[in-house]
Amino acid sequence: MSSKIASIQDVKEGAVTKVQHNGKSYVLTKVGADYYAVENRCPHLGLPLAGGRVQDGTITCPFHGSRFDICTGANLDWVNGVLGVKTPKWTHKLIGLGQQPAPVTSHKLTVEGDALKLE
């Protein structure tokens, strides 16, 4: 059973809308004609993605630069900076603190009228 998470008017392409739903935090965005919810938690250190940049169907962690595909949750680039400042490639494993690249949880939202619903 799906339940309303937001209204389509609340979610814009290229922007992040942060919501709480059933005890979890999500960031919502629009990619093309579709709407997505991504868990508001970077798998690196559990920091929020809500302050991240959305561009070309990806979201970038504002803390360590990890980049994720919004539609699939796939990790596209793992821990490549600190607080938005790119770092040399040799430092990426050091900043990663030994953690392996991991995806984020992503959900395609269903549109019913003006309601966005999470499955």
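The values are calculated or read from the model by the stated rules, or taken from the named source; none is laboratory data. These numbers come from a predicted model, not from an experiment. Note: ideal-geometry Cβ built from the backbone for every residue, glycine included; neighbour counts use all protein chains shown. These accessible areas exclude ligands, DNA and RNA; they are computed on the full protein's heavy atoms, side chains included. Shrake-Rupley method; radii C 1.70, N 1.55, O 1.52, S 1.80 Å.
Do you know which of the residues in the stretch 94-117 that are at pLDDT below 90 and within 15 Å of the chain's Cα centre (by Cα) is farthest from Asp77 (Cα to Cα)? Walk me through it before giving the result.
Kept after step one, since they are at pLDDT below 90, are these residues of the stretch 94-117: 94-102.
Now restrict to residues that are within 15 Å of the chain's Cα centre (by Cα): 101-102.
Numbers: Pro101: 8, Ala102: 10 Å.
My answer is Ala102.
Please find, within the stretch 63-73, the residue that is nearest to the chain's Cα centre (by Cα) out of those that are crowded, with 17+ Cβ neighbours inside 10 Å and in a loop (DSSP other than H, G, I, E, B). Going through the qualifying residues, I end up with Ile70.
Sub-9 Å Cβ pairs linking a first residue in the stretch 30-41 that is in a loop (DSSP other than H, G, I, E, B) and at pLDDT 95 or above to a second residue that is surrounded by 23 or more Cβ atoms within 10 Å (Cβ to Cβ) and among the aromatic types (Phe, Trp, Tyr), at least 6 apart or interchain, are Asn40/Tyr26, ordered by first then second residue. Here the condition is being touching a strand residue (DSSP E or B) at 6+ places or on another chain (Cβ under 9 Å), buried (at least 17 other Cβ atoms within 10 Å of the Cβ) and under 19 Å from Glu119 (Cα atoms); of Thr60, Thr29, it holds for Thr29 alone. Each residue in the stretch 1-19 was checked for being under 24 Å from Pro43 (Cβ atoms), assigned to a strand (DSSP E or B) and under 14 Å from the mean Cα position of the chain (by Cα), and 3 pass.
Looking across Leu47, Leu76, one residue alone is modelled with pLDDT under 90, in a strand (DSSP E or B) and within 14 Å of the chain's Cα centre (by Cα). It is Leu76.
Suppose we keep only residues that are closer than 20 Å to Leu116 by Cβ and aliphatic (A, V, I, L, M) within the stretch 32-47. Which one would you say is most open to solvent (accessible area, probe 1.4 Å)? Explain how you work it out, then say what you get.
Initial filter on the stretch 32-47 (closer than 20 Å to Leu116 by Cβ): 32-41.
After this cut, where a residue has to be aliphatic (A, V, I, L, M) as well, the list is 33, 37-38.
Working: Ala33: 86, Ala37: 0, Val38: 4 Å².
My answer is Ala33.
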